[in-house]
Each structure stands twice: as structure tokens, then as C-alpha cells.
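For reference, the structure discussed in these notes is given below.
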Amino acid sequence: MPYKIIFSDIDGTLLNSKRVLSDHTIKTIQEISDKIPFVLISARMPKAMHHLQDDLNIKHYPIIAYNGGLVMVGDKAISSTTIPIETVEKLYEFNSKFNCHLSLYHEDEWYVPQIDKWAQREEENTKVAPEVKSNAEVIEKWEKEGKGAHKIMAMGAEEDIDEIRDFLSKEFPEELHLYRSKRTYLEIANKKISKFSAIQLLLREHYQIDVKDCVAFGDNYNDVEMIKGVGMGVAVANARDEVLQVANNVTHAGIEDGVAKSLRELFKLENS
């Protein structure tokens, strides 16, 4: 077989229009994954990826969560990079004038200040229920536990999210990576990590596979470095222009089983 490991983004790439795995995608990945590792790589928390691993029968393979902020092999984190709690506190204080929704994540902890439309939408998309706890309470808890945030999701009116983005860009230009997934969404992570850096670490520490022997699938800005860096970077047809420009290949849209169709071509599987 031409490649030794496969990495796939989830949202916008692997799921169908109902935001679940299609039967064709499940069947295709199961045909391949008994011989080749299939690793999910996402901005999601681990718990929001495990049910997809169960559907695909790939629970024995690692996952890369939080855009590379957390690399899990089984129950062990082989890499964990967080936003310092002092930075989380400064964002919380700045947000007091806007009162945007701030979701705070650490490993499988997801805290929301209240169950609002933002929390409900994320729960529906990820199939994970958050715990309600004020941002101040979470910060106090994590300070005592010596924890930071693997991810912060700021959600609110576009103009308020603009203000938060500008504040963080000015105050933490070398510390934070800011990813605008929607006009009303801002995903915040440690700038040291990326999907591609996590792939490189996993290959080096766990698999001893060269990056040129990897296939990766993606659709969005946070996939650009990964798609450009691996041996075979494949963009789904609905990908951002920046992803399409660096991809080795473009497959069908994510909701049209693009990943499965590409895998059948790459690994010369019979169509079904």
C-alpha cells in the first residue's frame, strides 16, 4: 500500500449533512483501518471524538484533539499544551464588558457559564453535554489544580468577537492562536501547537513513520499546514481556497463521502 497512516479532520470533512458518519464512510475506513492506522484530528475535545472512533472501530488508535493541543494514545496524553490560567483570567476580565459566551475546555472537561443557544448548538454538533459553571468558578478551580485551557471558544455578536480578537492579538501576539471559524465564533489556543506539529510528534514518538508516508484530509484554515506538510494532502471540495491551493489532490465534498471516495482511489479498493 502506498501510504502508512491516515489523518482526517472531522467537521466539514468526514461527516455527512446530518453531521454523522455515513455507512459508506464507515465501511471504507473499516476496510482500511485493520492494516493502516486511521487517526482523527480535530479542534474537538476527546469525548466528542470517541463516539466516532466507536462507530469506526478505531478506538485502539490515537486521537489528536484541540487542533494539536492534546495528543492521546489510549488513555495517556503524550503531549498536552494549554493556555496559561493567567491568560484565561485576563480574557474573562476583558469580556465582562461584552458578556460573550466563553466555553472553557481542558481534556474532557467542558464548562459553560449557562445553557444558552451557543452551548446548545455545540452540544448538538458534538454529542457531548457541557457542565454549567461560571467562568470565575472554573478559573478558581483550575488555579488550584494547576491547569490551563486546551481551548477557549468565544461566541457572541460579530462586533463583540471583533473586540475580543483585537484585544487578544494586541496583548498576546506570541502566545495565542486565534481561529475565526465563523463570524460569531473565535477559537483560542496556544500558539505553539498545530495539527501538523502534533502529527510530527505522534509520528516521531509513537509510530516511527516518515511524514511523506502520511495521507491527511481537511477543509479549513487550521488544516492548511497539515495538508501542505504531509506526503498526500487531500482537500474536500468544500474546503477553503487556502486549503485547495496547497492540496496534492481534491476529492468530493465532505457531505458527499469525499474522504471515503478518495481512500478507495488511493488504496485501490473496490467500489461498493
Residue that is farthest from residue 221 (Cα to Cα), among those in the range 76-91 that are among the polar types (S, T, N, Q) and not in a strand (DSSP E or B) | 87
Among the strands (runs of 3 or more DSSP E) lying completely within the range 147-205, list those that include at least 1 residues that are crowded, with 16+ Cβ neighbours inside 10 Å, of a type in the set (Lys, Arg) and touching a residue at least 24 places away in the same chain (Cβ under 8 Å).
-> 151-155
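Kindly establish whether residue 18 is over 24 Å from residue 221 (Cα atoms) and not in a strand (DSSP E or B). Steps first, please.
Values: over 24 Å from residue 221 (Cα atoms): no; not in a strand (DSSP E or B): yes.
No: the conditions fail for residue 18.
Each row is one residue, and each column tells you yes or no for (1) under 21 Å from residue 219 (Cβ atoms); (2) assigned by TED's automatic domain parsing to the domain that holds residue 216.
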residue	(1), (2)
32	yes, yes
35	no, yes
38	yes, yes
53	yes, yes
56	yes, yes
68	yes, yes
74	no, yes
105	no, no
109	no, no
Examine the range 92-103 for a residue that is outside the structural domain of residue 217 (by TED's automatic domain parsing), charged (D, E, K, R) and surrounded by fewer than 22 Cβ atoms within 10 Å (Cβ to Cβ), and state whether such a residue exists.
-> yes
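Could you please let me know if residue 94 is outside any loop (DSSP other than H, G, I, E, B), within 26 Å of residue 173 (Cβ to Cβ) and of a type in the set (Phe, Trp, Tyr)? Explain how you work it out, then say what you get.
Values: outside any loop (DSSP other than H, G, I, E, B): yes; within 26 Å of residue 173 (Cβ to Cβ): yes; of a type in the set (Phe, Trp, Tyr): yes.
Here the answer is yes, as residue 94 does meet what is asked.
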Failed condition for residue 148, given (1) in the same structural domain as residue 37 (by TED's automatic domain parsing); (2) in contact with a strand residue (DSSP E or B) (Cβ under 6 Å, 6 or more places away or on another chain) | (1)
Breaking point among (1) in contact with an Asp or Glu (Cβ under 9 Å, 6 or more places away or on another chain); (2) on the phi > 0 side of the Ramachandran plot; (3) not assigned by TED's automatic domain parsing to the domain that holds residue 209, for residue 89 | (2)
Scan 230, 224, 234, 243 and give me the residue that is touching a Cys at 6+ places or on another chain (Cβ under 9 Å) and either in the same structural domain as residue 100 (by TED's automatic domain parsing) or surrounded by 17 or more Cβ atoms within 10 Å (Cβ to Cβ) (or both).
-> 230
Here are 215, 224, 234: which of them is in a helix (DSSP H, G or I) and under 18 Å from the mean Cα position of the chain (by Cα)?
-> 224
What pairs can you find where one residue is in the range 134-146 and without any contact (Cβ under 8 Å) to a residue 24 or more places away in the chain and under 14 Å from residue 101 (Cα atoms), the other is outside any helix (DSSP H, G or I) and among the polar types (S, T, N, Q), and their Cβ atoms are less than 9 Å apart, with a gap of 6+ or different chains?
-> 134/114
Residues that are more than 29 Å from residue 154 (Cβ to Cβ), modelled with pLDDT of 95 or more and not basic (Lys, Arg), drawn from the range 55-101 | 55, 56, 57, 58, 60, 61, 73
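When the range 34-62 is examined, which residues are found to be of a type in the set (Val, Ile, Thr) and either assigned to a loop (DSSP other than H, G, I, E, B) or surrounded by fewer than 22 Cβ atoms within 10 Å (Cβ to Cβ) (or both)? Break it down stepwise before answering.
Step one: of the range 34-62, the residues of a type in the set (Val, Ile, Thr) are 36, 39, 41, 58.
Across the range 34-62, the qualifying residues are 36, 58.
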When residue 251 is evaluated against the numbered criteria (1) crowded, with 23+ Cβ neighbours inside 10 Å; (2) touching a residue at least 60 places away in the same chain (Cβ under 8 Å); (3) over 18 Å from the mean Cα position of the chain (by Cα), which criterion, by number, is the only one it fails?
-> (2)
Residue check, residue 210 against (1) at pLDDT 95 or above; (2) more than 22 Å from residue 72 (Cα to Cα); (3) surrounded by fewer than 17 Cβ atoms within 10 Å (Cβ to Cβ); (4) among the charged types (D, E, K, R), all met but one. Which one?
-> (2)
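The values are calculated or read from the model by the stated rules, or taken from the named source; none is laboratory data. Quick caveat, the model's predicted, so the values are computed rather than measured. Heads up, the Cβs are rebuilt from the backbone with ideal geometry, glycines too, and the neighbour counts pull from every protein chain shown.
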